[in-house]
Amino acid sequence: MRGIVRIVILAMSLAILLPAATLQRLSLDDLARKSTAIMHVRALDSYAAQSESIIYTHYRLQVVEWWKGSGGEAAEVVTPGGAVGASRQVFSGAPQLVMGGEYVLFLWRGPSGLTHIVGLSQGLFKVSRDANGQVIATREASAGPMLDPATGHAVGDQSASYHLGDLRQRVGAAIAMGGAK
C-alpha cells in the first residue's frame, strides 16, 4: 500500500513540475486587440539565454513598420526554448525566426520586461512573395492542442494567408473596433 501511495505522490509531483500548455485559439481580431505592439520586421540575429528556469531565444529585429505601438528601428523579442551550454529546452508551438526573414509579429510585454509573441506561433506571420510576385503574410497552423474560447472544446488550428496590405488593413480595423492598448 505504501508503495502505491509513493507512486501516486511521485506521479502528482511530476505532473506539477512538467510544463504543459493548451493554447486558446485566437482570431486575427483577438491577436490585434491583445497585442501591445504589432510590427513588420526583419530578423537580424539571435542568441539564447536562461532566465530563471526557462531558456529563451532572443531575436534582434529591424523594424520595417510599426502597425500598433511605437518605438525605434530596432526591437527584440523572445520565444521559449533554445540551448545554453549543455542545456536545451524545446516548447511545443514556440515559433522560430529565420535570420534575414521578414515577419509580422503580434507582441506583448510580460511582467519580466521581455517581449513575447502573442499565442506563440499564432502571432507570427511570415512575409514573402507568392507566385505572382504579390507580398503575402502567411501563418502556419499550430500543431499543439488548442481550445475554442467560446465552447472550451478542443479544436484544430488553421493556417492563414493575406496580402500584406489586406492584413495591415484588417489589423487596423480590429484595433479601431477594440481600442488600442
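The values are calculated or read from the model by the stated rules, or taken from the named source; none is laboratory data. Quantities reported herein were computed from a predicted structural model and do not represent experimental measurements. All Cβ positions, even for glycine, are placed from backbone atoms using ideal geometry, and neighbour counts span all protein chains on display.
Worth a mention:
- Being under 22 Å from Gln122 (Cβ atoms), among the β-branched types (Val, Ile, Thr), modelled with pLDDT of 95 or more and in contact with a Phe, Trp or Tyr (Cβ under 7 Å, 6 or more places away or on another chain) is not true of Thr57.
- Yes/no for Leu147 being farther than 27 Å from Gly101 by Cα, of a type outside the set (Val, Ile, Thr) and either surrounded by 12 or more Cβ atoms within 10 Å (Cβ to Cβ) or touching a strand residue (DSSP E or B) at 6+ places or on another chain (Cβ under 7 Å) (or both): yes
- Contacts under 8 angstrom Cβ, first residue in the range 26-54 being exposed (fewer than 15 other Cβ atoms within 10 Å of the Cβ), partner of a type in the set (Val, Ile, Thr), 6 or more apart: Tyr47/Thr57; Ala49/Ile55; Ala49/Val84; Gln50/Val84
- Listed by first and then second residue, the pairs linking a residue in the range 116-143 that is in contact (Cβ under 8 Å) with a residue 24 or more places away in the chain and farther than 17 Å from Asp29 by Cα to a residue that is assigned to a loop (DSSP other than H, G, I, E, B) and not aromatic (Phe, Trp, Tyr), with Cβ atoms under 6 Å apart and 6 or more places separating them unless they lie on different chains, are His116/Gly110; Ile136/Asp130; Ser142/Gly93; Ser142/Asp157.
- Taking the criterion of being charged (D, E, K, R) and either in contact with a Pro (Cβ under 8 Å, 6 or more places away or on another chain) or assigned to a strand (DSSP E or B) (or both), the residues of the range 124-181 that qualify are Lys126, Arg129, Arg139.
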